[in-house]
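Have a look at the structure below, then the notes.
Just so you know, all these numbers are worked out from the coordinates, no wet-lab data involved. Values in this document were obtained by computation on a predicted structure and should not be read as measured data. Counting neighbours? That spans all protein chains shown, and the Cβs are built from the backbone with ideal geometry, glycine included.
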Amino acid sequence: VTQDAQAIAQPRAVRWGQVAIWVAVAAILVVVWLGLAQTFAAQPNNGKAPDFTLQTFDGQTFRLSEQRGKVVLVNFWASWCAPCEEEAPDLQAAWEKYQDKGVVFIGIAYVDADHKSKAFMEKFGITYMNGPDLGTKISDDYNIKGVPETFIINRDGEVTYFAAVPLDLATLSAELDKALAE
Amino acid sequence: MRFSRLLIISGIGVMLTALEVAVSIPRAHAQQDPDPSPAPITDDQVNEIANQLFCPVCENIPLDVCGTQACSDWRQEIRAMLADGKSEAEIKQYFASRYGQRVLATPEASGANLLVWVLPVVGAVIGLGVLVVALRQMAPGALAAEVSTSAVAPDYSDLEPEYVARFEREYKEFSS
């Protein structure tokens, strides 16, 4: 009786081993959660577009945040991607249609060898700026899941449109007109 | 006198000619037989490096067995770099710098990647600790020790004697 009473009366000693185990388990769960959150994060389809800097194939430096006041079309593509081939002529046609209307096109080659990217651009007569996504940093920031993926960013630097399918000239024109009208 | 001088000059001439011929033989040999073309890079050489890389397009499939066009392009790049005399480390470094550290099957032990190396060890240590504690508690000796500890005569000194006497009386009544 007395022992039980004493056991109840005295606070239990802190078991540091158990504390360490729980802290370690919590840390592992946090790391797993962060990894899953990154894996399943969706592409931005509204709000501020992640800023990025790109070295283009022709040696220019493109910085998204320096394009305020212009509508920007960002297209992720690769030379090994068949739907990108389907989309390329329409993108070039849209560029020729909108380049004098305050619209900037930037193509980002995803997981692609430079010589293959350049051959692709030459094949389809691409004349807007393009460059490689070194370290896949830009595609990580935009959480892209494949190619082609296209983002349209308005004059305030906010994403107004996102598509994960090849786009045709009619769709591109409609969405660029919407962004220009804002 | 003139004859002996002629002999000396002739001797020197012969020696110089012989020396020139001796030096020129290997050079001529090299000119006639250009370096043999380097041995072609085999698939095994390419795959030895490819199986240490993962293309970001095809998650969890090593480059050497991935069938996509992107991975095929990468294998071509590896082949071309091997043909250029690049080492395995140089090729892996090229892919990591161009496409990110995640393409490496074995990440470098630096920065946040250290977690990949540390967490399994920490997990193993914790698991071992839990196992040891559980086995100790499950051991027959541990139960006996627990029983013997609870069988120690209780100390009633800090209780009212009247209460203790009453408890013992009632306990006896209850037990009988």
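Suppose R0 equals 25 Å. What FRET efficiency, 1/(1 + (r/R0)^6) with r the Cβ-Cβ distance, do B:GLN101 and A:GLN43 give to the nearest 0.05? Each step should come with its number before you reach the end.
Details: r = 22 Å, r/R0 = 0.89.
E(calc), rounded to 0.05, equals 0.65.
Which of A:TRP22, B:TRP74, A:TRP16 has the fewest other C-beta atoms within 10 Å, and how do the rest follow up to the most?
Numbers: A:TRP22 11, B:TRP74 28, A:TRP16 8.
Least to most surrounded, the residues fall as A:TRP16, A:TRP22, B:TRP74.
So what is the relative contact order for chain A, in percent, with contacts set as C-alpha pairs under 8 Å and at least six apart?
That works out to 28 percent.
Return the subset of A:LYS48/A:LYS178; A:LYS123/A:LYS178; A:LYS118/A:LYS178; A:LYS70/A:LYS137 for which the Cα-Cα distance in this structure is over 27 Å, preserving the input order.
From A:LYS48/A:LYS178; A:LYS123/A:LYS178; A:LYS118/A:LYS178; A:LYS70/A:LYS137, over 27 Å: A:LYS123/A:LYS178; A:LYS118/A:LYS178.
Based solely on its DSSP helices, what 222 nm [θ] is calculated for chain A when runs of n ≥ 4 H residues each add -39,500 (n - 2.57) and the sum is averaged over all residues, nearest 500 deg cm²/dmol?
Details: 6 runs with 79 residues, N = 182.
Here the helix-only value at 222 nm equals -14000 deg cm²/dmol.
Round to a whole angstrom and tell me the spacing of the C-alpha centers of region A:153-182 and region A:90-121.
Taking the Cα centre of each part, region A:153-182 and region A:90-121 sit 15 Å apart.
Build a GNM of chain A with springs between Cα atoms under 10 Å: which of A:LEU169, A:LEU73, A:LEU34 gets the top mean-square fluctuation?
Highest fluctuation among the options: A:LEU34.
Once fully extended, how much extra length lies between B:SER72 and B:VAL133, figured as 0.36 nm per residue of separation less the alpha-carbon to alpha-carbon distance?
On the way: separation 61, 0.36 × 61 = 21.96 nm, distance 5.18 nm.
Working it through step by step, the gained length comes to 16.8 nm.
Anything in chain A that counts as a DSSP H helix reaching 30 Å or more along its axis (C-alpha) with Kyte-Doolittle mean of at least -0.5? List them, would you?
Result, helices passing both filters: A:16-40.
Could you check which residue among A:ARG63, A:ARG155, A:ARG15 shows the biggest mean-square fluctuation in a GNM of chain A with a 10 Å Cα cutoff?
The residue that fluctuates most here is A:ARG15.
So what is the orientation-averaged projected area of chain A, using the convex hull of its C-alpha atoms, in nm²?
Details: hull surface 65.3 nm².
About 16.3 nm², averaged over all directions.
Please give the net charge around A:PHE162, taking every other residue with its beta carbon less than 12 angstrom from that of A:PHE162, where Lys and Arg add +1 and Asp and Glu add -1. Please list the in-between numbers first.
On the way: positive: A:LYS145; negative: A:GLU149, A:GLU158, A:GLU175.
Around A:PHE162, the charge tally is -2.
What FRET efficiency, computed as 1/(1 + (r/R0)^6) with R0 = 35 Å and r the Cβ-Cβ distance, is obtained for A:GLN18 and B:TYR171, rounded to the nearest 0.05? Walk me through the numbers before you get to the answer.
Details: r = 37 Å, r/R0 = 1.05.
Once rounded, the FRET efficiency stands at 0.40.
Please report B:PHE174, A:PHE62 as a ranked list, fewest other C-beta atoms within 10 angstrom at the top and most at the bottom. Present the calculation step by step, with values, prior to reporting the outcome.
Details: B:PHE174 7, A:PHE62 18.
Fewest to most other Cβ atoms nearby, the residues stand as B:PHE174, A:PHE62.
Residue separation times 0.36 nm, minus the C-alpha to C-alpha distance between A:ALA82 and A:VAL32: what's the value?
On the way: separation 50, 0.36 × 50 = 18.00 nm, distance 3.42 nm.
Between A:ALA82 and A:VAL32, full extension yields 14.6 nm more.
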